[in-house]
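The values are calculated or read from the model by the stated rules, or taken from the named source; none is laboratory data. Small disclaimer: the values here were computed from a predicted structure and weren't measured. Positions of Cβ are backbone-derived with ideal geometry, glycine not excepted, and every protein chain shown enters the neighbour counts.
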Amino acid sequence: MADDTILENDQTYFAGNTNGTCEDRDSVTVTLDDSPNAGATTSITVCSTDDSFDILDVLNPSILGDADQGGTISPALESGTTIFDPAVDASTQYIYTVASVNEECPDDEARITITVLEGPNAGENGSIEFNREDDPVNLITYLLGNDPDLGGTWSPGNEDGEFDPATGEAGVYTYTVTNDNECQDLATVTVTFSDEPIEECPEVTQSEQSFCESIGEGNNFRRPRVSDLSPANAVWYDSADSETALADDTILENDETYFAGNTNGTCEERDSVTVTLDDSPNAGATTSITVCSTGEEFDILDELNPSILGEADQGGTISPALASGTTIFDPSADTAGQYIYTVQSTNEACPDDEARITITIEDALEADAGSNVQAEYCSNEGVVDLYSLVPEGTTTEGIFEGYENGNFDTANNLNTTEITYVVSSESGCFDGVSEAIYTITVNEAPDAGDNVNLEYCITDIEEMTEVEVLQIFTSLLGDRDQNGSFPEGQTPMDLYATFSANPIGTFSTTYTVTNENCIDSAELSITINDTEEANAGGDVDNIIVCSTDADINLFDYLSEDVTQEGYFEELEDGIFSPSTSGVGPFTFTFTVDPTSDCVTGSDSAIYSVEVLQGPNAGENGNVEFTREDDPVNLFAYLNGTPDEGGTWTPGNTDGSFDPATDAAGTYTYTVTNENECQDSATVTVTFSDEPIEECPEVTESEQAFCESIGEGNEARQPTVSDLLPANAVWYDSADSETALDDDTILEDGETYFAGNINGTCEDRDSVNVTLDDSPNAGATTFLEVCTSDDAFDILDVLNPSILGEAEEGGTISPALASGTTIFDPSVDTARQYIYTVSSTNEACPDDEARITITFAQGANAGEDMAVTVCSNDGQQDLYDLISADADIDGEFTLEGEVVADGIMDPAGFEAGTYEVIYTVTAGENAECGGDDMSTITITLGEAPEAPTTGEAVAFCAIDGETATRLEADGTNLTWYSDADLTMMVSQEDLLINGDYYVTQASDEGCESEAAVLTVNIVDSPAPTISSDYELCEFDNPTIAALTAEINESGEVTWYDSADSMTALSNNATLTDGTTYYATLISDNGCESSERLAVTVTLEQCAIIPEAITPNGDNKNDTFSIGFLENDYPNFNVIIFNRWGNAVYKGNASTPEWDGTSNQSGSLGDDVLPVGVYFYVVDFNDGSTEPRQGKVYLNR
């Protein structure tokens, strides 16, 4: 064997010498242990915007094939698995290691070098709902994420992203941006129209949609609902095949999947959306509390009402700031008023949250605990409320020391107890401390024992002995004081006597015990019930409820003839919930059976419930108006998706509301549908400017504001409406009769005076205003510049804010190449930048402004290009041949003639070189440069004719021929395995049945049409062998004996292994237990690729002679059968003459037949005459069939 022959598992190999003269060769059996496979060294390049991928899918295979699963990556990836995310994982070399599963083979590792190229930023998927009357927009405005790169293209529709809702179509618009690394990024904007129903099956373009845990602000927070999913107007389901649509106000759940259908419910396949709920900050909800002026300091977070997200988050800020500088409020140092608690968001998706808490400080009263009190009780009077003993006119806000809840248990407090009642600042809003003594005397009461109410079924009683029944009655005395009394004729024995006369009924009495101070009694009864046949009553139909109704208890609907306890088989507690069960009919079975006391048999009744679809009045909402707001309809302030057509109370039934005249309060919307089902929701109306009629009290005489309030383009200067207390009427002097307008701008250092709406306040409290410096980063700006323009300072072009021009000293993000605010169009990128100016104080936040810079440039025809085109390439779109950076609105000319639509057909030209001029005019951007042109040099080559192939060719499958055997007449040949010429064939590829296609190429590289060569791979079937052949060891059989048993005709060749190529000689002797492998060469001349495996078994055959010659020469003197006595010790042999008479019978204990008879009736001396005799051999081993035949006797 060649030295590089691959060893195979479980194969045996034999050692010889170079001369091949070894008669006996020692053998070696090979075992191949499993080696781990980590793949082979790999290098790949990806973009940071590419999707995550499994490193195992890109590792090159090793000689063992693809890498094993279950290994480890070092250094570890962010996923903690083998999943590589180009957005977060680093460019570096990683080592994939697979541990060995045995001690013999070492661990394996492979190195993969991953280079991550920076990808562009197309933003994140967004969505927008228009109506057909909206103004034109640019879709880039609706991309989410951090400042998508500009310069990309949109499809379908206008490439620049311009969209007109009046004519545009709903759908998904894709923004594609490519950078210098040839990396791409995509993001989409899904456009829907609120005024168009979805009839076609909706397409989900955002299969992963994220929402904040809560949507909205302040008390108007709500959870995200199904109605928030995109696309809008889709009908949503909780599974791909559900027939029941989800209500629009169904709350979305994190990590749940929702399925989009249409209004007709005809979508066979529904796209799905998986929902992620991002963490929303939680500042709690609007709160009003009253505290005492002498009270201890407290944490405002402990008092804030929970929002729909629960208790407020820690870590927020209070405005205006408290004296503590934290959220700790000290009534002795801080002032009453409204405070705002703000919690910042921990992500970019969800906004900050704030909640308002209004704190009123109550003046403390002088502490007075009243007079001392005395009271007397018995120990069986239970728990006494000590506050009921407080004298009239005395506060009940004190504390009973040791009994803080006021509960005094007489059973545990015998004799006299003195309790101190304390009124102090710890018990309420009091100044000082006052105490009173409550003296409580408890006398011990006698013990009549517990009430007893025993109940038995008559069948239970009938199973008891008379003594056991008597013990039931005497047990009524139990563990009680024994000096008590029963009513006349009602002792337990009296009750037993009554029972004996009539055992069915209730037998009751009262046991009373008294002492010198107290009395106690116990009610004692025994009830014996007769058995009743089970009766579940009649069926109950027409229990009709609405899906908006509260839960019902079906036990409340039991028919009047039901007197026994039973159960509803489907409802453990009988509670049915219309709101969660869905619409439709439901049936429940009420069953009474022996599980209930004294019931025999079983009976059931059917209760039919129908749930009708209820209307949707939406969810409760609230709104705060000012008295100057325009009239509205309260329907707009209901949350959820309420049905129209309901009525409102109080006020106008149609919900119209005029803030100028209507009152604050709660307004209820009630809607009824055709099923007569109702649903209600409320809107709570408050006013921020409800006039103050009493003279307001100013608790903060010094009030500070930032020069500007709010952020970005929403910033404004502080006005009179920002002063506290809110709703005061403000004047510029103590005696002015003209109130200041709410939008009067506050001035630094000025004093303002608080009055009421009536102008009747003789003394007006004043407020001195301080305006803290606010940073000024300017205002939102859009700027278009030429790429050829000089560098400029962004601060010179930022629009001014309400505070004027932007301040210097801020920072630009992302940073510019200059490291300052100087923008150089030749090196910096067109995109959105953020200019941030830090605040110089703690009171005012940092300020930022956004400037979006786009590039305008002159005409750009791109670089000169040189291409080769072949005569058979088909029509060429010259726009595909210009450089990637060129404008695509230019014109092509060839020899002075315009090339229409930029389409050039090589078939119309002779071979040669052509120069096409591409010209782009500057148009509106002429100020950024003039017209431009470039040259495309086209070398047109002539494609050769297709090469010539012969007729179909055939190869034997066993030869494993490769593509090197393919032949055709031509030059620069290329072979393919498909008619589309996409699958090139290499010389190492094994040939298979089918057509192969060949082209030839000119020296210029022009490829011809293809010619076809049909390849037939011919094989012979593997031979088969007879199933009933026998090989006897005695015969020393050879390979030829096996060949003789082959069923097919043709040349048969035998080998000693499944893949040996050395044939065995026909004279080779067969070895017992050895497997031989045969091939067949049939009429087609090919040796079969599959081999017949035959494992030889050499039998110890019984050899029966055909003749005997008992003449004393010791040769064939007896009828001797080889191996018979050893292999079949229980054999019998019978010899018959030609007339059928048995002349010999023998077995292992008789001599072999020697031509004489051992049966009676033989003639002469028992020597049998010469002739033909017949034998029957019975082996008697339970499996081998008897043998019979002829034997010739000769002497």
Do you know which residues across region 792-827 are among the acidic types (D, E) and part of a strand (DSSP E or B)?
-> D793
Which residue pairs have Cβ atoms closer than 7 Å, lie 6 or more positions apart in sequence or on different chains, and pair a first residue in region 317-342 that is over 21 Å from P306 (Cα atoms) and touching a residue at least 60 places away in the same chain (Cβ under 8 Å) with a second residue that is of a type in the set (V, I, T) and not in a loop (DSSP other than H, G, I, E, B)?
-> A336/I359; A336/T360; A336/I361
Within region 598-648, of all residues that are hydroxyl-bearing (S, T, Y) and under 30 Å from I544 (Cβ atoms), the one surrounded by the most Cβ atoms within 10 Å (Cβ to Cβ) is Y607
Going through region 230-277 one residue at a time, which ones are touching a residue at least 24 places away in the same chain (Cβ under 8 Å), in a loop (DSSP other than H, G, I, E, B) and of a type in the set (A, V, I, L, M, F, W, C)?
-> A232, A234, A240, A247, L252, C267
Would you mind stating whether L56 is crowded, with 16+ Cβ neighbours inside 10 Å and either assigned by TED's automatic domain parsing to the domain that holds T167 or modelled with pLDDT of 90 or more (or both)?
-> yes
Inter-residue pairs, beta-carbon under 8 Å, first in the same structural domain as G1146 (by TED's automatic domain parsing) and in region 1172-1188, second at pLDDT 90 or above and of a type in the set (S, T, N, Q), 6+ apart | V1177/N1132; D1178/N1132; F1179/N1130; N1180/N1130; N1180/N1132; D1181/N1130
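The rows are residues; the columns are (1) more than 30 Å from Q876 (Cα to Cα); (2) part of a loop (DSSP other than H, G, I, E, B).
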{"site": "M933", "(1), (2)": "no, no"}
{"site": "T939", "(1), (2)": "no, no"}
{"site": "E945", "(1), (2)": "no, yes"}
{"site": "T964", "(1), (2)": "yes, no"}
{"site": "E967", "(1), (2)": "yes, yes"}
{"site": "T971", "(1), (2)": "no, yes"}
{"site": "T982", "(1), (2)": "no, yes"}
{"site": "L1013", "(1), (2)": "yes, no"}
{"site": "I1017", "(1), (2)": "yes, no"}
On the given criteria, is T141 in contact with a Ser or Thr (Cβ under 7 Å, 6 or more places away or on another chain), among the β-branched types (V, I, T) and not in a loop (DSSP other than H, G, I, E, B)?
-> no
Flag for S280 being polar (S, T, N, Q) and over 19 Å from the mean Cα position of the chain (by Cα) | yes
Yes or no: P594 at pLDDT 90 or above and either part of a loop (DSSP other than H, G, I, E, B) or outside the structural domain of Q678 (by TED's automatic domain parsing) (or both)?
-> no
Looking for whichever is more than 46 Å from the chain's Cα centre (by Cα) and either within 30 Å of E737 (Cα to Cα) or of a type outside the set (S, T, Y) (or both) here; the options are D790, D828, D847. Which one fits?
-> D790
Please go through region 410-434 and pick out each residue that is under 14 Å from E397 (Cα atoms) and either aliphatic (A, V, I, L, M) or assigned to a strand (DSSP E or B) (or both).
-> T420, Y421, V422, V423, F430, D431, V433, S434
Filter result (assigned to a loop (DSSP other than H, G, I, E, B), closer than 29 Å to Q184 by Cβ and under 25 Å from the mean Cα position of the chain (by Cα)) within region 59-99 = A76, L77, E78, S79, G80, T81, T82, D85, P86, A87, V88, D89
When every residue in region 947-959 that is buried (at least 16 other Cβ atoms within 10 Å of the Cβ) and assigned to a strand (DSSP E or B) is compared, the one farthest from the chain's Cα centre (by Cα) is V953
Within region 542-580, tally of residues that are among the polar types (S, T, N, Q), over 39 Å from the mean Cα position of the chain (by Cα) and surrounded by 11 or more Cβ atoms within 10 Å (Cβ to Cβ) = 2
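Return yes or no: is C378 under 29 Å from D520 (Cα atoms) and in contact with a Cys (Cβ under 6 Å, 6 or more places away or on another chain)?
The answer is yes for C378.
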Mind checking which residues of region 1085-1100 are surrounded by 15 or more Cβ atoms within 10 Å (Cβ to Cβ), in contact with a helix residue (DSSP H, G or I) (Cβ under 6 Å, 6 or more places away or on another chain) and part of a loop (DSSP other than H, G, I, E, B)?
-> S1089
Counted residues, region 295-333 - those being in a loop (DSSP other than H, G, I, E, B) and surrounded by 18 or more Cβ atoms within 10 Å (Cβ to Cβ) = 9
Across region 779-791, what is the total count of residues that are part of a strand (DSSP E or B) and in contact with a strand residue (DSSP E or B) (Cβ under 6 Å, 6 or more places away or on another chain)?
-> 6
Would you mention how many residues in region 446-473 are of a type in the set (D, E, K, R) and touching a Lys or Arg at 6+ places or on another chain (Cβ under 9 Å)?
-> 2
Taking region 108-142 only, how many residues are closer than 27 Å to D66 by Cα and hydroxyl-bearing (S, T, Y)?
-> 2
Give S288, S280 a once-over and let me know the one that is touching a Cys at 6+ places or on another chain (Cβ under 7 Å), under 24 Å from N620 (Cα atoms) and touching a residue at least 40 places away in the same chain (Cβ under 8 Å).
-> S280
Matching residues in region 1119-1147 (farther than 22 Å from C1032 by Cα and exposed (fewer than 13 other Cβ atoms within 10 Å of the Cβ)) number 4
Among the residues of region 446-455, is any more than 30 Å from F400 (Cα to Cα), in contact with a helix residue (DSSP H, G or I) (Cβ under 8 Å, 6 or more places away or on another chain) and assigned to a helix (DSSP H, G or I)?
-> no
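Would you check which residues across region 278-288 are among the charged types (D, E, K, R) and not in a loop (DSSP other than H, G, I, E, B) and list them?
D278
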Do we find a residue being surrounded by fewer than 18 Cβ atoms within 10 Å (Cβ to Cβ), in a loop (DSSP other than H, G, I, E, B) and in contact with a Gly (Cβ under 9 Å, 6 or more places away or on another chain) anywhere in region 898-916?
-> yes
Condition check for I1134: in contact with a strand residue (DSSP E or B) (Cβ under 7 Å, 6 or more places away or on another chain), hydrophobic (A, V, I, L, M, F, W, C) and more than 30 Å from V1018 (Cα to Cα) = yes
Result of the Cβ filter at 6 Å on region 1087-1110, keeping first residues that are within 16 Å of I958 (Cβ to Cβ) and partners that are of a type in the set (D, E), at least 6 apart or interchain, is S1089/D1019
Residue hits (region 872-895; surrounded by fewer than 14 Cβ atoms within 10 Å (Cβ to Cβ), farther than 14 Å from T935 by Cβ and not β-branched (V, I, T)) are G874, Q875, D877, D880, A884, D885, D889
